[in-house]
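Below is one structure; the comments refer to it alone.
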Amino acid sequence: MKKIGFFIALFAIIFVGCDKEITLELNDSKPMLVIDGSITDLAGPYFVQLSLSTSINNPTRIIGVNNARVIITDQAGIKDSLQFVSNGLYRTQKIKGIEGGTYNLEVVVDQKKYTASATMPKKVNLDSLRINTFPFNGEVRYSVIPVYLDPVTLGNSYRFIQKINDTIDPTFHVFNDNLNNGKVNQRPLRGGDENLKIKPRDNVFVEMQCISSASYIYYNSLDQQSGAGPGGGTAPSNPPSNIEGGALGIFSAHTVQRKTVTIR
């Protein structure tokens, strides 16, 4: 029995100690339509970008879909046939975005229809931007806290776009009010990296969007997959979308506010 146990242990050590290089062959999936469109409370025109999903080996290439019919209809019955611009980009001609308004998107490509609906939330006022300092590896680091009072009604969601000087922070900054409902926001905008950290005399631009719960789920899923989620991110998958018909992407209706602060 002792000899048997010895050989079992020996084989275990051998197999654990062996390193073999494995090359995975990733098959390209069939391209899917990607829809990225939004309506805001700012003056139009508004835009819808149509493209095809690309290979994992060439993720930055944008293949525009130029043969589509794109229509947005609002709650008042106004029907807007979007005008083609270039490389899969389409713009509105008469739709106006308002708080509380509902907008229905219809996209037809090669006789296949895709639809989505989005309602613009009420605006939550962005009062100011507060500079937050904290120690990190023996130096002082900076971050920006958007100051706003969350309404007492549960269910508000927010997205923030941060630009440091002339560089957009690629982080998906999305909050909801599950933990701070009815309170003044105290959460800083994390993000950036060693090449994009905020420094004294930097100008930081922040855009605040009041978004729907569907948009929050979409952008939060992208945030988790980007490596910012628990444990360094989750396995890549298609984020939940409000688009019906089999397309990827999001159709959003949201409010917009913008402020800039200088780090001193």
Self-check item: Residue count, region 69-93 (criterion: part of a loop (DSSP other than H, G, I, E, B) and either touching a residue at least 40 places away in the same chain (Cβ under 8 Å) or crowded, with 18+ Cβ neighbours inside 10 Å (or both))
Solution: 4
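Got at least one residue in region 193-214 being in a helix (DSSP H, G or I) and at pLDDT 90 or above?
Pass one, region 193-214, residues in a helix (DSSP H, G or I): 213-214.
Filter again for at pLDDT 90 or above, leaving 213-214.
Within region 193-214 (the criterion being in a helix (DSSP H, G or I) and at pLDDT 90 or above), the answer is yes, since at least one residue qualifies.
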Exercise. Check region 146-163 and report whether any residue there is assigned to a loop (DSSP other than H, G, I, E, B), assigned by TED's automatic domain parsing to the domain that holds Asp223 and polar (S, T, N, Q).
Key: yes
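Which members of region 58-98 meet the condition of being among the aliphatic types (A, V, I, L, M), within 19 Å of Ala43 (Cα to Cα) and in contact with a strand residue (DSSP E or B) (Cβ under 8 Å, 6 or more places away or on another chain)?
Going through region 58-98, the residues among the aliphatic types (A, V, I, L, M) turn out to be 62-63, 65, 68, 70-72, 76, 78, 82, 85, 89, 95, 98.
Narrowing the set further to residues that are within 19 Å of Ala43 (Cα to Cα) leaves 71-72, 76, 78, 82, 85, 89, 95, 98.
Within region 58-98, Ile71, Ile72, Leu82, Val85, Leu89, Ile95 qualify.
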Quiz item: What are the residues in region 132-151 that are at pLDDT 95 or above and surrounded by fewer than 19 Cβ atoms within 10 Å (Cβ to Cβ), if any?
Solution: Ile145, Val147, Leu149, Asp150, Pro151
Self-check item: Matching residues, region 96-115, being among the hydrophobic types (A, V, I, L, M, F, W, C) and out of contact with any Ser or Thr (no Cβ under 8 Å at 6 or more places or on another chain)
Solution: Ile98, Val108, Val109
Practice problem: List every residue pair whose Cβ atoms lie under 9 Å apart, where the two residues are 6 or more positions apart in sequence or sit on different chains, the first residue falls within region 224-252 and is at pLDDT below 65, and the second residue, located anywhere, is assigned to a loop (DSSP other than H, G, I, E, B) and not charged (D, E, K, R). | Solution: Gly227/Gly233; Ala228/Thr171; Ala228/Phe172; Ala228/Gly191; Pro236/Ile56
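Listed residues Glu106, Glu99; which is in a strand (DSSP E or B), among the acidic types (Asp, Glu) and surrounded by 12 or more Cβ atoms within 10 Å (Cβ to Cβ)? Don't jump to the end; show me each part of the working.
Details: Glu99 fails: in a strand (DSSP E or B).
Answer to the selection: Glu106.
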Quiz item: List pairs: first in region 158-186 and under 18 Å from Val261 (Cβ atoms), second of a type in the set (Ser, Thr, Tyr) and at pLDDT 95 or above, Cβ under 7 Å, 6+ apart or cross-chain?
Solution: Asn185/Tyr148
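The values are calculated or read from the model by the stated rules, or taken from the named source; none is laboratory data. In this text, all values refer to a predicted model and were calculated from it rather than measured experimentally. Virtual Cβ from ideal backbone geometry, glycine too; neighbours counted across all protein chains shown.
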